[in-house]
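The values are calculated or read from the model by the stated rules, or taken from the named source; none is laboratory data. All values derive from a computational prediction rather than experimental measurement. Cβ placement follows ideal geometry from the backbone for every residue including glycine, while neighbour counts extend to all protein chains displayed. Ligands, DNA and RNA are excluded from the accessible area calculation, which covers all protein heavy atoms including side chains. Shrake-Rupley method; radii C 1.70, N 1.55, O 1.52, S 1.80 Å.
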Amino acid sequence: MQQAPVVLVTGSARRLGRAIALHLGHHGWQVAVHHRSTPEDAASTVAELQALGVQARAFRADLADEDQCRALLPAVDAAFGRVDAVVNNAALFEVDHVDSFSYAAMDRHWRANTAPAIVLAQALHTALARRGAQVRGAVVNLLDQKLWNPNPDHLSYTLSKAALQCATTLLAQALAPQVRVCGVAPGLTLGSEMIDATRLAALQAATPLQRGVAPEDVARTVRFLLENPSVTGSTVLVDAGSHLAPAARDFAFLSPPPAGPAP
């Protein structure tokens, strides 16, 4: 019997990464659940995957630390006996603006959001090559609709994601044919400390499609890109059309439009 493919999903202990990990588990993938500082959440995600009959294990690493990042994929490979794909979901999302920008802020975001994706793609390519010249794999990088709908909020974060978008193209060129590299750019999907459930619903209703982006919508797109052998160097926006409605501020600072009269 052929062994099920193995995917490493970074930042998959909770929130969107967890949804991606569970979706892939439901569709036959073995899952390496990565986390930085939430072992209880990671254990919960692993337990849910195992309840599905899926092989899953948790791996802890601070991806901003180069040594820890470089050790991560070999550890997954050793534990499962193979790695076939990486989903680069983990991200740092701090508020800064042009007047508060600093080298330190840019460095934190680069180390968390950009460099790890390159290192892990490089490591996947090496691992696949050891299995043979004909073995193929894939990387999916989580981007952001902000890159197609730019505003000056979260400056360092946005720059780090813009670099990751460019890296997606460069890696697709450099690692072909063994590794395909694609991107998924979600819109507003989950709430945060700055966006409560009521405000989230109002902001999502104001998109061109008048609906929000569910975590499952993003997860399905990630799986499509992982499993379609003819797609590389492409990014799919999953944002309910938000990039078609330019906004001067980030979602966190936008006021939802007032509700119209009932029909």
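Could you put Trp29, Trp148, Trp110 in order of accessible surface area, largest first, with the 1.4 Å probe and the full protein assembly present? Can you show the working numbers first?
Working: Trp29 20, Trp148 90, Trp110 110 Å².
The residues order as Trp110, Trp148, Trp29, largest area first.
Rolling a 1.4 Å probe across the protein heavy atoms gives the chain an accessible surface of 47 Å² per residue. Distance from the alpha carbon centroid of the stretch 54-85 to that of the stretch 127-153 works out to 17 angstrom. Accessible surface comparison of Met106, Met194, probe 1.4 Å, protein chains only, largest first: the order is Met194, Met106. Largest first and in whole Å, the equivalent-ellipsoid semi-axes of the chain read 31, 21, 18, each the square root of five times a Cα gyration tensor eigenvalue. Ordered by 1.4 Å accessible area with all protein chains kept, Ser102, Ser12 run largest first as Ser102, Ser12.
So, with a 1.4 angstrom probe, what is the percent of accessible area on the stretch 153-263 that is carbon and sulfur? Intermediate results must be reported in sequence, preceding the final value.
On the way: 3310 of 5430 Å².
After summing per-atom areas, the C and S share lands at 61 percent.
The charge dipole of the stretch 12-90, taken about the Cα centre with unit charges on the Cβ atoms of Lys, Arg (+1) and Asp, Glu (-1), comes to about 200 debye, rounded to the nearest 20.
Mind checking the dipole of the stretch 90-234: about its Cα centre, +1 per Lys or Arg Cβ, -1 per Asp or Glu Cβ, Debye to the nearest 20?
Details: 12 positive and 11 negative charges, 152 e Å.
Rounded to the nearest 20 debye, it is 720 debye.
Please report, as a whole percent, how much of the solvent-accessible surface of the stretch 66-121 comes from carbon and sulfur atoms (probe radius 1.4 Å). Numbers along the way, then the final one.
Values: 1510 of 2630 Å².
Answer for the stretch 66-121: carbon and sulfur cover 57 percent of the accessible area.
Taking amide H as placed 1.01 Å from N in the peptide plane, Val9 has its amide H under 5 Å from the amide H of Ala32, His34, Val87, each at least 5 places away in sequence or on another chain.
Using a simple charge model, +1 on the beta-carbon of Lys and Arg, -1 on the beta-carbon of Asp and Glu, nothing else, what dipole does the chain show about its Cα centre, in debye to the nearest 20? Display every interim value, and only then the final one.
Working: 21 positive and 22 negative charges, 151 e Å.
In total the dipole reaches around 720 debye.
Considering only beta bridges that DSSP places wholly inside the chain, some 0 percent are antiparallel.
Gain on full extension, evaluated as 0.36 nm per residue between Arg60 and Thr169 minus their Cα-Cα distance, stands at 36.4 nm. Adding -39500 (n - 2.57) for every DSSP H run of four residues or longer, then dividing by how many residues the chain holds, sets the calculated 222 nm ellipticity at -13000 deg cm²/dmol.
Helix 39-51 versus the longest principal axis of the chain: what angle, 0 to 90°, nearest 10, using Cα atoms? Taking the Cα atoms of the chain, the angle to 39-51 is about 70 degrees.
Accessible surface for Phe59 stands near 20 Å², nearest 10, in the context of the full protein assembly shown (1.4 Å probe).
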